[in-house]
1. Using alpha carbons only, what's the Rg to Rh ratio of the range 12-73 with Rh from Kirkwood?
2. I want the local charge near residue 127. Using Cβ-Cβ distances under 13 Å, sum +1 for each Lys or Arg and -1 for each Asp or Glu among the other residues.
3. Hey, if you put +1 on the Cβ of every Lys and Arg and -1 on every Asp and Glu Cβ in the range 33-155, which of 83, 37, 140 ends up farthest toward the positive end of that dipole?
4. Using modelled backbone amide H atoms (1.01 Å from N, in-plane), which distant-in-sequence or interchain residues come within less than 5 Å of residue 7's amide H?
5. Trypsin sites (Lys or Arg not before Pro), restricted to the range 82-143: which are DSSP loop and have at most 13 other Cβ atoms within 10 Å?
Amino acid sequence: MSEINLTRSRRAARQAAFQALYMVQVGHLSPEEAANVVLARHPYAPSAADFIRRLVSGTVAHQRQIDDLIEPRLAHGWALNRLAVSDLTALRLATFELFHWPGMPPKVSISEAVEIAKTFGGKESGAFVNGVLGTLLRESPKAHWTPDMEEALDLDEGPELPPEPDEDEDPEEEVTVEAGTDAHADLMKAGPWVIRSEDD
């Protein structure tokens with residue numbers, strides 16, 4: 001019997017948490033159901049599986065407060081329901097880490113959310129997510145982060161997850177089908193965003 005190589009990568013686990021949160025938003029799964037789906041797709045070490053469950057359950061549990069933090073950072077006239085679900089999900093995940101996971105380095109939370117946004121979102125997604133999170137960091141408990149605050153995790157930096165073989169569709173296309181209206185489709189496809197500045 002061959003040995004199974006269990007994933008211990010924090011990056012891969014965070015991507016899996018993003019996918020689970022996307023399922024919660026689009027497919028209306030419970031956090032537990034969504035986490036179980038992503039955990040069934042790939043063999044994770046117990047530490048990585050715990051990390052995924054903690055990210056998913058925590059982000060959903062604090063979603064209202066997280067959304068209240070994100071929305072004021074958007075341009076005038078913009079609301080959360082105008083954002084692509086992939087971008088909003090990346091923002092929620094990182095905002096949870098910034099405000100509710102004291103031992104997670106903010107640089108890691110932001111840089112990995114930006115990479116997720118670039119991978120699953122549109123051309124401007126990475127810059128948009130980076131701008132919003134940079135603003136939120138200055139207002140977060142980690143505004144004056146020092147390395148000695150980092151929580152030790154039994155995880156590796158590691159590579160990203162391999163792509164799903166049957167996922168050729170744009171994630172936003174799935175949202176369009178789910179929503180079922182042309183107006184909503186236009187909102188979900190919204191192009192580049194403007195981040196509200198301190199002077200707005």
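Only the coordinates and a few stated rules stand behind these numbers; no lab work does. Not measured: the values here are computed from a predicted model. Positions of Cβ are generated from backbone atoms using ideal geometry, with glycine treated the same way; all protein chains shown enter the neighbour counts.
1. Rounded to two decimals, Rg/Rh equals 1.01.
2. -1
3. Going by the Cα projections, it comes out as 83.
4. Here 44, 45 satisfy the definition.
5. Those that pass, being in a loop and sparsely packed, are 123.
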